[in-house]
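Quick note: the coordinates plus some simple rules give every number you see, no bench work behind them. Only a predicted model underlies this, so the values are computations on that prediction, with no experimental measurement involved. Neighbour counts are summed over all protein chains in view; Cβ atoms, including those assigned to glycine, are modelled from backbone coordinates with ideal geometry.
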Amino acid sequence: MKEDYQDRIDEYLLKRMSPEDCMAFENEVAENQELHEQLSFTEEVRHAMRSRNEKLAKMEEWEKETESKSRLSKRRLYYWVSGIAALFIVGFITISRYLSSFDKGVGTEYAQTNLVQEEESADIEKLLAYNKYSTALEKINREIETELHEISFGPGCAEDEGIEIIDSCTPDTVCIIDDIDIKDYSRENSKEEFREESREKSQSRLTYLYWLKVKALIGLNRIDEALPLLEDLRRDSEYGLQADSLYKLLKR
Amino acid sequence: MRYSEVYFVEAVYKRDHAVERALYDYCKHYFDNHYKAVFFRGDKDKAEIFQEAFITLWEKIENRKIYVEEGVLKGKDGTPLVGKLTTFLMSIARLKYLEWTRENLHILSDEELLRGEKTVEIKNASQDDSSDEDMLEIIADCISHMSKRCNQILTLFYYKEKTLDDIMIKLPTFESKNALKTAKYKCMETLRKSAQEIYRRNLNI
């Protein structure tokens, strides 16, 4: 194998020769056995390299396609599993809420009254926390009015509805009002108990509202209005101690 | 879609690209499930062995070394293939593994080395079966064992048809065009000597 032969062979095979040179080269190949063998060998190497590299390129492309398909199918599987899990969770929450509301029994919708009151208190407390004393005071006064009406002018809607529940209770129904299972009491006792319970709750709520009112008045710097309320609260209420401390502080 | 092995050979010979792909998937699936009966290597080596084995099989089909006659797969001397195309693939893979073992003695464990000594004998014996290989097949086989450097140079020159100037840019370790030309010539010379030695050995058997 000769190196100078190789250069001309390469030029000939890669078509880098002029047509005249090509013809001259072909004539030389026909007469030179060694050149002829080297040309054949180089042609075979070129053919083998092309064949091999074309196949390698195709195989690489197929591998990439397979990999990307596999990634896509893994992603799809992930989405399916996530979707099913999400449906399961939503369904579980919905069903458990439905079952828990059903289990509370006939009195649930009426126990909502307590829930509304709690929400109102939370709203008032929020207003006080954000120093919105005027708005808080307005709300407090409205709530106080409602409670006073409940206490002073006889049974309110909630109490009437509560009595209705007691009347509609049968051994087969679940009768829970304000977290009290009244089934154990006789019908008349239950009504009396319920009335008493309602009044006590209203009184307690009123005390709480007055305590909030004190805070709102202090926030508005209306100390003269707050002091009488504090005097009442000091006497045997659940806010007695706090009211007493605050009273003494303001009085200094 | 499932094809018969007869259909695979006929269609691949006619350069049907879709069937080429199907054959690749078919062989890969079989290889992945059965290679452990032949050798234990990591994923990278296993992939390399499969690649070489599949290329060999593919080229044998293209060069009519494996062909279909009257609905039967035939191989050497027109005799029907013993076993399936996939079995033939695994036998090629086994030989490729033996070659790989010889080239990678330095990374084999003691156990593998002991196994390797026996397999070299098998390899030498199995070369008896390659007497019908023509020069082109021998060259293709030698190319698969070429050094990485030679592979790069010859691929760029003869497959991608780059000029020496372009190759110097891609392979900046060559300081001059003459150095590159000399290296290319040496690669060709090594290839020629290896191929001729194998060809003569085949003729002598």
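Could you pull out every residue, at least 5 positions away or on a different chain, whose amide H is within less than 5 Å of the one on B:LEU73? Hs are placed 1.01 Å off N in the peptide plane, and Pro or chain starts have none.
B:LEU81
With a cut-off of 15 Å, note down the residues of region A:191-209 whose backbone N falls inside the zone around a label point 7 Å from the Cα of A:GLU238 toward its beta carbon.
Only A:197-209 pass the distance filter.
Just counting partner chain Cβ atoms within 10 Å, what average do the residues of peptide B:136-145 show around their Cβ?
Values: counts 6, 2, 2, 8, 7, 1, 2, 6, 2, 0.
Across B:136-145, the average partner-chain Cβ count within 10 Å equals 4.
Averaged over peptide A:129-137, how many Cβ atoms belonging to another chain are found within 10 Å of each residue's Cβ? Write out the running numbers ahead of the final one.
On the way: counts 0, 0, 0, 0, 0, 0, 0, 0, 0.
Whole-number average of other-chain Cβ neighbours for A:129-137 is 0.
How large is Rg/Rh for region A:1-110, to two decimals, with Cα atoms and a Kirkwood Rh? Intermediate results must be reported in sequence, preceding the final value.
Values: Rg = 37.1 Å, Rh = 21.1 Å.
Radius of gyration over Kirkwood radius for region A:1-110 works out to 1.76.
Label-point separation (nm) for A:GLU31 and B:LEU171, each offset 7 Å from Cα along Cα-to-Cβ?
3.5
Quick check on packing: order B:43-55, B:65-77, A:79-91, B:169-181 by the mean number of other C-beta atoms within 10 Å, highest mean leading. Please report the intermediate quantities before stating the final value.
Values: B:43-55: 17.3, B:65-77: 14.0, A:79-91: 10.0, B:169-181: 12.5.
Those peptides, ordered most packed to least, come out B:43-55, B:65-77, B:169-181, A:79-91.
Kindly write out, for region B:71-79 in residue order, the coupling ³J(HN,Hα) from the Karplus curve 6.51 cos²θ - 1.76 cosθ + 1.60 (θ = phi - 60°), rounded to whole Hz, with x marking Gly and Pro.
Result, ordered by residue: x, 10, 6, 10, x, 4, 6, x, 7 Hz.
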